[in-house]
């Protein structure tokens, strides 16, 4: 960020949002403005770095850190750390992700060769990095980064993470995604992370907004803002309950840009929990691209079988 941009006086509006100017690398004197919800996402010290500051630490954890090893031993006795998926006891080497070695192994199984653009499975003999569908008609998003296929243990874990009381599991899965594929996410050079929007009725039903939890965690790791730039226009039937033909039309014109946000020239990372046909991500990506985003890439926990 240039000294001129840092010293510029910004008039704060009456709302709780703040215009945060930044100058993406290689764009000369042209600056872009992103609005950051400062109540939930304080502006990072530097937006151009690729490695984020560590996640925020709560007051109790800070106290334990000050107490040192003795404090941690007391905490382990009072509240033994357990795996966020199977509740098995954890040792010190697994506390960063909060998953036991067995769950880490079954939740991050080797992935088959897949299309780098949409994540669909490629034939074993394929020499191309993109599927035939993406070569014929490129998708609005440029790439998909995902932890694994939506099957077996990962399917059960992602389904559980949608529940209101399972936020630690959602965080643990996101940390596992970052640990294994963080370099791939950094290589996309995202400048803002956008959660897949959830209609308020759906959020009321679930009691949680999993894409928002995932997006905020990845934004902290990447050192960039997390902004709810896209919102739902209307409540639509869940995509998982529909046949393929209905999925393609169910979300048509279901999203719009949130008022006041500016994504012109920005590289955006769009985050959701599961990608199946890609219709939801495509519709949201189109909104961002129509409003000037330079590129939209996607990160999800799981890739389900289904043609994009």
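Can you list the residues of region 113-147 with backbone N under 12 Å from a point 7 Å past the Cα of residue 305, pointing along Cα to Cβ? Inside the label zone: 121.
Which of 200, 178 comes first, and how do the rest follow, when ranked by fewest Cβ neighbours within 10 Å? Kindly include the intermediate steps, with their values, before the conclusion.
Numbers: 200 12, 178 21.
Lowest to highest Cβ neighbour count: 200, 178.
Across region 104-235, Cα pairs under 8 Å and at least six residues apart give a relative contact order of 21 percent.
Across all Cα pairs in region 104-218, the calculated P(r) in 10 Å bins from zero up to the longest distance comes to 12, 38, 36, 13, 1 percent per bin.
Can you give the FRET efficiency to the nearest 0.05 for residue 111 and residue 163, using r as the Cβ-Cβ distance and R₀ = 25 Å?
Working: r = 26 Å, r/R0 = 1.03.
The calculated FRET efficiency here is 0.45.
Computed FRET efficiency, Cβ-Cβ of residue 203 and residue 121, R0 35 Å: what is it to the nearest 0.05? Step by step, r from the Cβ atoms, then E = 0.65.
We did not get these values from a lab; they are worked out from the coordinates using the rules stated. Everything quoted here is computed from the prediction, not taken from an experiment. Neighbour counts are summed over all protein chains in view; Cβ atoms, including those assigned to glycine, are modelled from backbone coordinates with ideal geometry.
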